[in-house]
1. Hey, residue 77 hits all of (1) within 18 Å of residue 38 (Cα to Cα); (2) loosely packed, with under 12 Cβ neighbours inside 10 Å but one; which does it fall short on?
2. Would you mind telling me which numbered condition in (1) in contact with a Lys or Arg (Cβ under 9 Å, 6 or more places away or on another chain); (2) at pLDDT 80 or above; (3) exposed (fewer than 11 other Cβ atoms within 10 Å of the Cβ) residue 67 fails?
3. Find the residue count for segment 92-116, including only residues that are more than 16 Å from residue 48 (Cβ to Cβ), among the charged types (D, E, K, R) and open to solvent by less than 100 Å² (accessible area, probe 1.4 Å).
4. Among (1) under 24 Å from residue 38 (Cα atoms); (2) of a type outside the set (Gly, Ala, Ser); (3) touching a helix residue (DSSP H, G or I) at 6+ places or on another chain (Cβ under 6 Å); (4) open to solvent by 60 Å² or more (accessible area, probe 1.4 Å), where does residue 57 come up short?
5. Can you pull out the residues in segment 1-36 that are at pLDDT 80 or above and either aromatic (Phe, Trp, Tyr) or touching an Asp or Glu at 6+ places or on another chain (Cβ under 6 Å) (or both)?
6. Mind counting the residues in segment 31-45 that are of a type in the set (Phe, Trp, Tyr) and surrounded by 12 or more Cβ atoms within 10 Å (Cβ to Cβ)?
7. Which members of segment 57-91 meet the condition of being closer than 21 Å to residue 46 by Cα and outside any helix (DSSP H, G or I)?
8. Pick out the one residue from 96, 101, 115 that is outside any helix (DSSP H, G or I) and modelled with pLDDT under 85.
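The values are calculated or read from the model by the stated rules, or taken from the named source; none is laboratory data. Treat the numbers as computed from the prediction; the structure is a model and nothing was measured. As a convention, Cβ positions derive from the backbone with ideal geometry for all residues, glycine included, and neighbour counts pool all protein chains shown. Just so you know, the surface numbers come from the protein's heavy atoms only, side chains and all, with ligands and any DNA or RNA stripped out. Shrake-Rupley method; radii C 1.70, N 1.55, O 1.52, S 1.80 Å.
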Amino acid sequence: VYEHRLMRVHYHKLKGDEDVTRLLQPVGLMFSEYYFYLCAYISTAFAIFNVIPISPLDGSKVLFSFLSERNYYRLMRYERYGMILLLALVYFGNRLPFDPLGNAAGWVFDKLFILAEWGFSLSEKIFL
């Protein structure tokens, strides 16, 4: 791919019996790989961010379900300050010397990537 200027892609359309051959530049393929990688990483980061146990996020609902009724009502007194805490976390999170959300998202994404590679190699062994 890197030595040639164009790459020939041949595929069969699902609708109809037509074979299609296209000449593509490898830059477009590399960009699409990077785009899908970036979308997966951002989705993982949003999932990690959503489980933080601060009141407007879903993580607080999970935390509240495990608390006793007495502790639940004690914690609900501070629920109104959750959005302020969340905004402060987002604002100051980028200014810290370490990036807790980025580190957590990177760790989870690495583990998911290993799982995806295993699934891909397994499907290659089964179907090819």
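1. So the condition that residue 77 fails would be (1).
2. (3)
3. 0
4. (4) is the only condition that residue 57 fails.
5. 35, 36
6. Just the residues of segment 31-45 that are of a type in the set (Phe, Trp, Tyr), to begin with: 31, 34-37, 41.
Retained after the next criterion (residues that are surrounded by 12 or more Cβ atoms within 10 Å (Cβ to Cβ)): 37, 41.
Number of matching residues: 2.
7. Hit for segment 57-91 is 57, nothing else.
8. Values: 101 fails: outside any helix (DSSP H, G or I); 115 fails: outside any helix (DSSP H, G or I).
From the options 96, 101, 115, the qualifying one is 96.
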